[in-house]
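Here the structure is laid out as structure tokens; the discussion comes afterwards.
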Amino acid sequence: MTRVFTSAVINTHIDKVWMKIRDFNALPNWHPAIANSYIENDEPSDKVGCIRNFNLKEGGNIREKLLVLSDLDYLFSYSILESPMPLTNYVATFQLKPITDGDRTYAEWTAIFDCDPQDENHLIKLVGDGVFQTGFNALNQIFNK
């Protein structure tokens, strides 16, 4: 099993960050790699079990299932159902925590998955830097305007 852990500090209040990322269908509104997204079967985007279907700007389609959504814990978790990436059993969690020293937010995005050993380093970099850190950088740009 492969693990990826990425964290960041976002320079705004936790409630503002949560409102931006909470909608499971809102990726195109804040993540620069996402071209478009929709929730299959017109289900609500905060319904546990809903499936997000999105296209990447560089090509490729990914389908993900919402596993957990907690407003109390500022957390959501999801699994990948289909992806062009050579991995299986992918589960990711995105969680926010307040930083009480200043009006800032600690953000943590983690994933576990299985893959062939020869793909592991590439996938860790792709997921950790290309997806997670790129998303954190975009959120910081949004809230530092």
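Some points to look at:
- Scan of the stretch 30-66 for residues that are open to solvent by less than 50 Å² (accessible area, probe 1.4 Å) and either touching a residue at least 60 places away in the same chain (Cβ under 8 Å) or at positive phi (or both), ordered by number: 30, 31, 33, 49, 59, 60
- Pairs, first under 17 Å from residue 56 (Cβ atoms) in the stretch 126-142, second of a type in the set (A, V, I, L, M, F, W, C) and assigned to a helix (DSSP H, G or I), C-beta under 9 Å, six or more apart: 135/21; 135/27; 135/30; 138/30
- Residue check, residue 48 at pLDDT 95 or above and over 28 Å from residue 144 (Cβ atoms): yes
- Residue in the stretch 79-93 that is within 25 Å of residue 143 (Cα to Cα) and aromatic (Phe, Trp, Tyr) present: no
- Counting the residues of the stretch 9-29 that are hydrophobic (A, V, I, L, M, F, W, C), in contact with a strand residue (DSSP E or B) (Cβ under 7 Å, 6 or more places away or on another chain), surrounded by 16 or more Cβ atoms within 10 Å (Cβ to Cβ) and not in a helix (DSSP H, G or I) gives 2.
The values are calculated or read from the model by the stated rules, or taken from the named source; none is laboratory data. Predicted model, so just to flag it, every value in this text is computed and none were measured. Please note: Cβ atoms are built from the backbone with ideal geometry, for glycine as well, and neighbour counts cover all protein chains shown. In case anyone asks, the SASA skips ligands and DNA or RNA and just uses the protein heavy atoms, side chains included. Shrake-Rupley method; radii C 1.70, N 1.55, O 1.52, S 1.80 Å.
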